[in-house]
Structures are given as C-alpha cells and as structure tokens.
Amino acid sequence: MNIVFSHQADELAATARKIADEYVRPQAAKHDKAQEYNYEAAKAVADAGLFATFIPKRYGGSEAGILALARVTEELARADSGFGVAFAVNALGSFPIILGGTEEQKQEWLPKIACGEKFVAFCLSEKYAGSDAQGLAVTAVEDGDDYIINGEKKWTTNGGIADYYTVFCVTDANSKSRRISAIMVEKDTPGFSVKKIEDKMGIRCVPVVETHFDHVRVPKRNMIGGCPGMGFKHAMATLDHARPGVAAQAVGAAQGALDLALVYASRRKQFGAPISSHQMVQQMLADMATETEAARWLVYRAAAGLDDDPTDATNSKLAAMAKCYATDNAMKVATDAVQIFGGYGFMEDYPVAKYFRDAKILQIYEGTNQVQRMVIARHLTRTVKNLGHLDEFIPTETQLTYTEPGQAVVNQNT
Ligand SMILES: Cc1cc2nc3c(=O)[nH]c(=O)nc-3n(C[C@H](O)[C@H](O)[C@H](O)COP(=O)(O)OP(=O)(O)OC[C@H]3O[C@@H](n4cnc5c(N)ncnc54)[C@H](O)[C@@H]3O)c2cc1C
C-alpha cells in the first residue's frame, strides 16, 4: 500500500503548524496553569477550515482524510498536547455520525462541526465502565416519539464547551450484541448538566468533566443511524478511526519534547562542553529521534490504510499498534527530555515539565495500552491459520493439547 501525501494534506499541515506557532505554543503555559480552553486558537483553527478536515465534502467538509487529520493533529500537539486533543476530540465525537448516521443526521450536524460553529464530545466511559465498554449503565428508555436518558458519564473531554454530545446508552439491557445505542444530545437539553470539572495532571487546557443526564428527553430522530442496538458497533468503528489521531497527538508531543531537549542540550554546558557532545546524552537524543520517526511512520501507515480502504480488517490492528507504540514513545521521550534538562526539567518554569505531565494520559485514553495490546494480539491469533505452512517447523510435542488428565490430542487449531 502506498502512503499518499496529497497537496491538500501538505497545505493543511502547514496551516496547522502556523497556527500552532502563532496561537498555541505562546499561550500553552498560561492556559495550562489557568485550566482554560484556548478559544483564540480554536477560532484560528475554525477560520482556517481545519475542523473540516475529517468531514466529507457533501456535508461542508474538505474530506482530506484520516492521514491529513493525523498530520494536523501532530502539528497542533507539537506545540501543546492539550490543544491537540481539544482539536482531535471533535473528530472522535463526529465519527459515530460520519460512519453510522443517517443522511438526515449528517446534513443536520456535520456542516456546523465542519465550520467550527459547534464542538463535539464523545460520551462512552462511565465510573464503572472504562475498558469494559459493554458494561455501560446509562439508560435510554423509549417514551412515545422520544428517548429518556438517565445516568452519568465520566471523563467527557470537551465537556461544557461542546454543543453536541454523542452519548452511548443502554437501550436493550437483555440483548448481548445489541444492548447499546448512540444518541446525540444537544447542550441545552433540559436535564443535561456538567457536574464535575476534573482537576488533571496534564492536558489541563481542555476540560474533562462528568456529564449527568437526569430525565433528558431527546427525539427518536437523534438515535444515530436511526435504529437501536448499533451503538457498540459505532463505538468500536469510531475508535478504529480515531486512534491514529491520538497516536498523531503522541508523535507531535514527542517531537515537541525532543525539539526542546535538543536545543537545551546544545546550549547547556557542563565539563566545558555542550551536554549534546557527551555520549550518553547523544544516545538519548538519537533514540528519542529514531523512535519518534518510527512512531510517525506507523501512524501515517495506520491512517493511510483507513483512507485507502475503510473496510480492511487490518485497520483496527494497525490503529491499535500506532496508538500503543506512539503513546509509549511519547511518555519515554518526554521522560528523557526532562532528564536532559536536569533539575530545570523538574521545574514548572519551563515547558518540558508540561510535556511530561501531558504525555501520561496518551497511554490511558481511547483505550489503555493494555487494551491496544489485547486488540493487536487478538488480530494476530485470528490470522495464525494463514501460517499453517510453518507447522512442520514447530516441535510436535508443543502441538499436543490435554483434553483430560493423561490423554492428549493433536491441537486442531494450528
Ligand atoms: C483525561 C481523560 C480524558 C478522557 N476522555 C474521554 C472521553 O472524551 N470520552 C470517553 O468516553 N472517555 C474518556 N476517558 C476515559 C478513558 O477512555 C478511560 O479512562 C480508559 O478507557 C480506561 O478506563 P478506566 O479509567 O475505567 O480504567 P480501567 O478500565 O478500570 O483499567 C484500569 C487498569 O486496568 C487495566 N485493565 C483493565 N482491563 C484489563 C484487561 N482485560 N486486561 C489487562 N489490563 C486491563 C487497564 O489497562 C488499566 O491499566 C478519558 C479519561 C481521562 C483520564
């Protein structure tokens, strides 16, 4: 498969870099400290048409694709990882509509998202249902032409500032496969409220909140896709499409920390020479750069696969690989960047400490990296049948399965 860098994507990435330099980086420390959203940068992003990147042309978007979305996110996150997610979460909240919405729903909601008039949030996680997204408790019960939603969602990124909330609710508690549905709730709907604004370790410029639903009445036409029971499918497809975005946020964050470490290492002198001339610092810098470049190309590959053929079953595996590898790398690079800064790296006076605090969440949200490894391993074991021609090279005794004590049969699964 070829990774195609379109002229359009190059231009969008260049625009994102310009906005990052002008509106994001200079304000990052201020917004982090005050835990304030950077509306000025968001306006610049909207004016430049970057919210349209992930939306089809038919609905006011530029349809630039997932690879372009990844590159835009990377540029914004390079300046401030928190602003990177503040941008990318709009794609996360929109994908259920793009991938599973009816024509009418797409026409109603997507154009306003594309022009930046409306922000979106994605409400899947709950207090008792994180990695196990099947275990949701928020309910939506039919009442005439409406659904009534009750319950609480945890950790809604963009909560409070978003206008649209894609809410995953239980609509059929007795069904195993069609238990959950995605329903769009608009901000001003009576009974909807933001109850707790989280005080976070990092990405402090973007609000993450608890969203509460107290007899929230929404019309049935807000059921995404029009038919109940499709929510889990929409959520999983959404995460496959959005994970390259988190992974791109991680590449940007790693690159941002590396840039700072490199400049610092060439300015700071110890033992009469810049620390960048000491071998052990060089080794850290070389590894940081190499692994960030490897992460970048894995992210681009995963994103390009989704653009090339969204139905390809390997997209999910590649998205998980990209998310896992790039976010583990961002944490490692941010840690080493602090190490290169020495004592100054530990101080909040300099942005490198913020890169370190911001990096941790990347390994947790949109599926923890343990969950990503589960997804990858599941794909691998599912495809092992394609490697049957290697059976003859596997010791026969390891292909025995004990069915009962003392009895063994040749394993038929290999
Ligand atoms: C800042 C922030 C922003 C977020 N934004 C959003 C958002 O916008 N929308 C949204 O819906 N959610 C959001 N989340 C929720 C996030 O996706 C969850 O925190 C994440 O999926 C993990 O769920 P959990 O925190 O309940 O951890 P748990 O699922 O309880 O996991 C705890 C630990 O156990 C491990 N674990 C769990 N199950 C297994 C298993 N089977 N095998 C191995 N290890 C396992 C996990 O990897 C983790 O290390 C956000 C969270 C944070 C902190």
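All of the numbers you see were taken from the coordinates with simple rules; none came from a lab. All figures in this text were calculated on a predicted structure; none of them were measured in a lab. Backbone-built Cβ (ideal geometry, glycine too); neighbour counts: all protein chains shown.
Structure notes:
- Across the chain, the relative contact order, built from alpha-carbon pairs under 8 Å that are at least six residues apart, equals 16 percent.
- Fraction of the pair-distance distribution of the chain above 32 Å, Cα-Cα pairs, percent: 39 percent
- Backbone amide hydrogens, once placed in the peptide plane, bring F192 within less than 5 Å of D214, excluding anything fewer than 5 places away on its chain.
- Rounded to 5, the percent of DSSP beta bridges in the chain classed as antiparallel: 85 percent
- Ranked Y355, Y23, criterion: other C-beta atoms within 10 Å, fewest first: Y23, Y355
- Two-site FRET efficiency, V194 against Q339, from Cβ-Cβ distance with R₀ of 56 Å, rounded to 0.05: 0.90
- The distance from the alpha carbon centre of region 192-236 to that of region 280-302 is 35 Å, rounded to a whole number.
- If R0 is taken as 22 Å, the Cβ-Cβ distance between E36 and M347 corresponds to a FRET efficiency of 0.50.
- Taken as entire DSSP H runs, the helices of the chain that both span 24 Å or more between Cα atoms along their own long axis and average 1.0 or more on the Kyte-Doolittle scale are 81-100.
- Overall form of region 70-144 per C-alpha gyration tensor (a/c, 1.5; a/b vs b/c): oblate
- Rounded to whole Å, sorted largest first: equivalent-ellipsoid semi-axes of region 121-229, Cα gyration tensor: 23, 16, 11
- With bins 5 Å wide beginning at 0, the percent of Cα pairs of region 295-378 falling in each bin runs 3, 16, 20, 18, 15, 11, 8, 5, 3, 1.
- Restraint check, K30/K118; K106/K354; K18/K220; K332/K385; K57/K196; K106/K360, Cα-Cα greater than 31 Å: K106/K354; K18/K220; K332/K385; K57/K196; K106/K360
- Spin-label proximity, A377 to region 326-359 - amide N less than 20 Å from point 7 Å beyond Cα toward beta carbon: 326-329
- Arranged from fewest to most other beta-carbon atoms within 10 Å of their beta carbon, I394, I361 become I394, I361.
- Rounded to 5, percent antiparallel among DSSP beta bridges of region 121-229: 90 percent
- Here's how it looks for D146: its modeled amide H is under 5 Å from those of K220, which are all 5 or more places away or on a different chain.
- For region 135-151, the Karplus equation 6.51 cos²θ - 1.76 cosθ + 1.60, evaluated at θ = phi - 60°, returns couplings of x, 5, 10, 5, 10, 10, 10, 5, 8, x, 8, 10, 10, 10, 9, 9, x Hz by residue, with Gly and Pro reported as x.
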